[in-house]
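The values are calculated or read from the model by the stated rules, or taken from the named source; none is laboratory data. Keep in mind it's a predicted model, so treat the numbers as computed, not measured. Here the Cβ positions follow ideal geometry from the backbone for every residue, glycine too, while neighbour counts run over all protein chains shown.
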Amino acid sequence: MEIALLIWSFALSVLLVVVVVWGFDLQTRLRRLEHRYEHLFSDDEEPSCAAALERLSDRFSKVNTRTERLVVQMEEVDRTLLRCIQGVGFVRYSAFEDTGGDQSFSLALVDGDGHGVVVSALYGRDATRVYAKPVEGWMSHRTLAQEEQQALEKARRVVLPDVG
């Protein structure tokens, strides 16, 4: 009988310890919940869930308005960037047999739609000549030299990396 009483005493002691620990845990959780509640309603004269929800709704509408403004600005920046120089292609070469060092060059400057210019400078011993040819839609209505075509293709690969 003494062993049974000892077992029951031990079991009740363990149960009492578990209940005390559980009580402390519940008290801690309640304190955290009260802190959150005070934080939520800290600037209200009379705290209510409806007032808190209305404040949150106002904040969400402000965030939504700001997001819409940012989207409009982003679209405007995207449209502007399409008209900026995005592709640059540069090719150096020797235009004449009697000059060395690849002093001549062709430079293609194009926007996102392939509109721009190809500038070529042909270096000779007596003079240097500079030519500019317009480009529209990745093509020029003027005949492009092989080096100018290479510069335009390099610029196109910068703007449209998936193309060839």
For this session: Tell me, please, whether a residue that is over 30 Å from residue 34 (Cβ atoms), without any contact (Cβ under 8 Å) to a residue 40 or more places away in the chain, in contact with a Lys or Arg (Cβ under 9 Å, 6 or more places away or on another chain) and aliphatic (A, V, I, L, M) can be found in the stretch 120-131.
Result: yes
Seminar exercise, completed: Being closer than 25 Å to residue 143 by Cα and under 36 Å from the mean Cα position of the chain (by Cα) narrows 110, 72, 63 down to just 110
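When you look at residue 113, is it under 24 Å from residue 160 (Cβ atoms), outside any helix (DSSP H, G or I) and of a type in the set (Asp, Glu), yes or no?
Yes.
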Exercise. Of the residues that sit in the stretch 6-46 and are under 30 Å from residue 56 (Cβ atoms) and hydroxyl-bearing (Ser, Thr, Tyr), which one is modelled with the highest pLDDT?
Worked result: 28
Seminar exercise, completed: In the stretch 143-164, anything in contact with a Lys or Arg (Cβ under 9 Å, 6 or more places away or on another chain) and either closer than 14 Å to residue 115 by Cα or hydroxyl-bearing (Ser, Thr, Tyr) (or both) is listed as 143
Seminar exercise, completed: residue 93 vs (1) free of Cβ contacts under 8 Å to residues at least 40 places away in the same chain; (2) touching a helix residue (DSSP H, G or I) at 6+ places or on another chain (Cβ under 8 Å): all pass except (1)
Problem set entry | Every residue from the stretch 73-109 that is under 17 Å from residue 145 (Cβ atoms) and of a type in the set (Val, Ile, Thr) | 91, 99
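Taking the stretch 122-144 only, how many residues are more than 34 Å from the chain's Cα centre (by Cα), closer than 18 Å to residue 88 by Cβ and crowded, with 16+ Cβ neighbours inside 10 Å?
Count: 3.
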Problem set entry | residue 70 modelled with pLDDT of 85 or more and assigned by TED's automatic domain parsing to the domain that holds residue 130 | no
Seminar exercise, completed: Residue hits (the stretch 81-104; assigned to a strand (DSSP E or B) and buried (at least 18 other Cβ atoms within 10 Å of the Cβ)) are 87, 89, 91, 104
Exercise. When you look at residue 107, is it closer than 30 Å to residue 40 by Cα, surrounded by 10 or more Cβ atoms within 10 Å (Cβ to Cβ) and modelled with pLDDT of 95 or more, yes or no?
Worked result: no
